[in-house]
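Since the structure comes first, as structure tokens, the remarks are kept for the end.
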Amino acid sequence: MTEQDQHIVDAIDREYAGLRRFIRRRVADQSDAEDILQEVFYELIEAYRMMRPVEQVTAWLFRVARNRIIDLFRRKQREAERDEPKAPREDGDLLQLEQMLPSRDAGPEAEYVRSALAHELDAALDELPEEQREVFVAHELMGYSFKEIAAQTGVSVNTLLSRKHYAVLHLRGRLQAIYGEFIEG
């Protein structure tokens, strides 16, 4: 076995259980969680195969896992939006990010703006306390109602509303500058 292969095997052995727990706490469907886990390790193998060894493997794996979870939530939200008409939100704090972003069909410059804004959103989400981030992601990206989130977490709807409100305030403030830079300037 090559040294590179041994690094990969060691990383998988060392991080498998913790990464699996991390994903399972955030993804309700077990098969989705297992798919994400496999994707994360596949990306690790690909990074090494493409001669881009990862220096801080643990941090890299958890970041990739979080990104795959967010991708799953976004995909599920898009599917839900296609299947059902949009109902008004319970708190009125909807960011309407999709409406703020340039159209996907507007060309390469618009796609760059969309990508930059999405990157800034990910960074802004990272800055949130975990409780606020989880409520925001579950409500806005996954499309769960506050009643559904409360039932899953055991946290009251009022507490969830408060957490989301603070998350929205932070995200609006954080993203306003970048949004103005690209859209208005």
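So the values come out like this:
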read-out: Test: residue in the stretch 1-9 that is outside any helix (DSSP H, G or I) and either outside the structural domain of V137 (by TED's automatic domain parsing) or within 25 Å of V137 (Cα to Cα) (or both); value: yes
read-out: Matching option when the condition is part of a helix (DSSP H, G or I), modelled with pLDDT of 70 or more and among the charged types (D, E, K, R), among E81, E39; value: E39
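Yes or no, residue by residue, for (1) at pLDDT 80 or above; (2) assigned by TED's automatic domain parsing to the domain that holds L117; (3) out of contact with any Cys (no Cβ under 6 Å at 6 or more places or on another chain); (4) not β-branched (V, I, T):
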residue: R133; (1), (2), (3), (4): yes, yes, yes, yes
residue: A138; (1), (2), (3), (4): yes, yes, yes, yes
residue: T153; (1), (2), (3), (4): yes, yes, yes, no
residue: V157; (1), (2), (3), (4): yes, yes, yes, no
residue: Q176; (1), (2), (3), (4): no, yes, yes, yes
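The values are calculated or read from the model by the stated rules, or taken from the named source; none is laboratory data. In this text, all values refer to a predicted model and were calculated from it rather than measured experimentally. Cβ coordinates were reconstructed from backbone atoms using ideal geometry, including for glycine residues, and neighbour counts include every protein chain displayed.
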